[in-house]
Amino acid sequence: MVDCNHPCSRPRQGVFAPPDRGRNLSSARLGSDQQHLYTDLARQVRESGLLHRRHAYYWSRITLAISAFVLIWCGVVLVGNSWLQLVLAVALGVVVTQFGFLGHDAAHQQMFRSPAWNEWTARLLAGVFAGLSFAWWRDKHNRHHKAPNREGVDPDIGAGAIAFTPAIVESRTTGFAGWFVKRQGWLFFPLLTLEGLNLHAESVRGLLRPGKVPQRGVELALVGTRLTAYVVALLVLLPPTKAVAFFVVQMAVFGLCLGGSFAPSHKGMPIVPPTAKIDFFRRQVLMSRNVRGGLWVDFFMGGLNYQIEHHLFPNMPRPNLKLVRPLIRDYCAQHGAPYTEVGLFESYGIVVSYLNNVGLQARGPFECPITAQYRT
């Protein structure tokens, strides 16, 4: 395994950089003639058979998730007026996160050969069980996959509550914004407790936004009914205080689980300037980070801990990602492309340190000896 952080992940003038480990990217062979790298890798992966659908896996996961969802609500009815409801709220937060992962997989065409089957499965799983808009999420996520960590393209590093790039930090130097941005790494995970609410709000806003939205009416009905029914059910089944506590705990767990699975994948990896031109293979590998940890990490991160494999082959079924990992890891080593993989807690440490220090003396985008070669 080649496990390293390239110097291009270091902003200039003292901004945080993880310690160097392993191969230095400056020795990697780059250039437009490297476009064949992905073609050759894709041929090997196709021949391995790991792009074949895993119907039994997904049908069993969907059945288990729906069964758990129903059982939790049966438990809410049976437990009644008790603070033990908060245990069920935690369980519901975890299960709703699993529906988010399943919707993600279907949206990436991982489940079925039919695009329509995948699309409607994603729409129903996300809308009915998670209260999220498939159309809104697909548009956002497609832009992320097109150019991960690229300024002006990847919405996941755009301006928001958290500043992910020096350019954004430079606009927040005074007042509360300036105080916040210096401590945003420590505040990032507490803020994730609000991510569930944010995702629901963004789903509704996305569906109400002017412009063409596929199946807008259907998704508004699904998401609106799911969110309304959830609140009404809590108020009917529980006293107001316990209903509010259940809602807060469930949303906090949902936000932490979902946000905590996405954050380690790209945060703290190189930021790509808007003018950079990088071939597809390196674009996906250099900006992604894997998280190791076994079956529990696989479950709680929904397979997104194999982020390098997922970005290279987004339509590969989730259970096959860990199987293709040795092939891709060896291919990266063979061609001088760093394959970054760390433990779960180390990945969170990188995220916190990076966010706390991204703005120190920042004067522009990250200076990267790799991406500098591709500026137009």
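Bear in mind these aren't lab numbers, they're just calculated from the coordinates by the rules spelled out. Note that the structure is a prediction, hence the values are computed from the model and not measured. Neighbour counts run over all protein chains shown; Cβ positions are idealised from the backbone, glycine included.
Quick check for me: using +1 on Lys/Arg Cβ and -1 on Asp/Glu Cβ, what's the dipole size of segment 127-220 about its Cα centre, in debye to the nearest 20?
Result for segment 127-220 is approximately 160 debye, rounded to the nearest 20.
When 1/r is averaged over all different Cα pairs and the result inverted, which Kirkwood radius in Å belongs to segment 177-262?
Value: 14.9 Å, from the Cα pair sum.
Mind sorting 101, 254 by how few other Cβ atoms lie within 10 Å of their own Cβ, fewest first?
If I rank by nearby Cβ atoms, fewest first, I get 101, 254.
Report the full-extension gain for the segment residue 198 to residue 36: residue separation times 0.36 nm, less the Cα-Cα distance, to one decimal in nm.
54.3 nm
Compute the FRET efficiency between residue 56 and residue 142 as 1/(1 + (r/R0)^6), taking r as their Cβ-Cβ distance and R0 = 35 Å, and round to the nearest 0.05.
E(calc), rounded to 0.05, equals 0.80.
Based on alpha-carbon atoms only, what is the radius of gyration of segment 32-105 relative to the globular estimate 2.2 N^0.38 Å?
Taking the Cα Rg and dividing by 2.2 N^0.38 Å, one obtains 1.82.
Work out the charge dipole of the chain with +1 on the Cβ of Lys and Arg and -1 on the Cβ of Asp and Glu about the Cα centre, then indicate which of 77, 160, 92 is farthest towards its positive end.
It is 160, whose Cα lies furthest towards the positive end.
When you have a sec, figure out the Kirkwood radius of segment 212-299 from all distinct Cα pair distances and drop it here in Å to one decimal?
When all Cα pairs of segment 212-299 are included, the Kirkwood radius is 17.4 Å.
Determine, from the Cβ-Cβ distance of residue 128 and residue 333 and an R0 of 41 Å, the FRET efficiency 1/(1 + (r/R0)^6), rounded to the nearest 0.05.
0.40
If the chain between residue 244 and residue 323 were fully stretched, how many nm would it gain, using 0.36 nm times the residue separation less the Cα-Cα distance?
Length gained between residue 244 and residue 323: 24.1 nm.
Defining a contact as two alpha carbons under 8 Å apart and six or more residues distant in sequence, what relative contact order in percent does the chain show?
Value for the chain: 31 percent.
Evaluate the charge dipole of segment 7-374 about its Cα centre and quote only its size in Debye, nearest 20, assuming +1 on the Cβ of each Lys and Arg and -1 on the Cβ of each Asp and Glu.
The dipole of segment 7-374 has a size of about 260 debye.
With +1 on each Lys and Arg Cβ and -1 on each Asp and Glu Cβ, and nothing else charged, work out how big the dipole of segment 195-271 is about its Cα centre, in Debye to the nearest 20.
In total the dipole reaches around 160 debye.
So which of 140/267; 182/277; 146/212; 140/242; 146/182 end up more than 28 Å apart by C-alpha?
Flagged as over cut-off: 182/277; 140/242; 146/182.
Can you tell me the Rg and Dmax of segment 7-374, counting just the alpha carbons, in angstroms?
Answer for segment 7-374, Rg first and Dmax second: 21.2, 67 Å.
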